[in-house]
1. Of Phe2, Ile41, Gln18, whose Cα points farthest to the positive end of the dipole of the chain (charges on the beta-carbon: +1 Lys, Arg; -1 Asp, Glu; origin at the Cα centre)?
2. Could you give the angle, 0 to 90 degrees to the nearest 10, between helix 31-42's Cα long axis and the longest principal axis of the Cα atoms of the chain?
3. Under the Karplus relation 6.51 cos²θ - 1.76 cosθ + 1.60, θ = phi - 60°, what is the ordered set of whole-Hz ³J(HN,Hα) values for the stretch 22-27, x standing for Gly and Pro?
4. With runs of 4+ DSSP H residues as the only contributors, calculate the mean residue ellipticity of the chain at 222 nm using -39,500 (n - 2.57) per run, divided by the residue total and rounded to the nearest 500.
5. Placing +1 at every Lys and Arg Cβ and -1 at every Asp and Glu Cβ, with all other atoms neutral, what dipole size does the chain have around its Cα centre, in debye to the nearest 20?
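Only the coordinates and a few stated rules stand behind these numbers; no lab work does. Just so it is clear, the model here is predicted, and its values are computed rather than measured. No Cβ is skipped: glycine too gets one built from the backbone with ideal geometry, and neighbour counts run over all protein chains shown.
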Amino acid sequence: MFGPVKKIARALRGQTIQERELAYLNGAIDRVDLEYRQRQIDRGMFSRGF
């Protein structure tokens, strides 16, 4: 009974900070870009509120 409700809730929920960080890191083109992105995350790029 609650299965479809859970699926809808999961679909409507926004991405977590960890999911956004991982997607950002996965978009790196090379090692230098990856290191730059890691530094940005370490500085709090995604942890700040909007």
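1. Value computed over the given set: Phe2.
2. Between helix and principal axis, roughly 60 degrees.
3. Per residue, the Karplus-derived 3J(HN,Hα) values read 5, 5, 5, 5, 5, x Hz.
4. -19000 deg cm²/dmol
5. So the dipole magnitude of the chain works out to roughly 340 debye.
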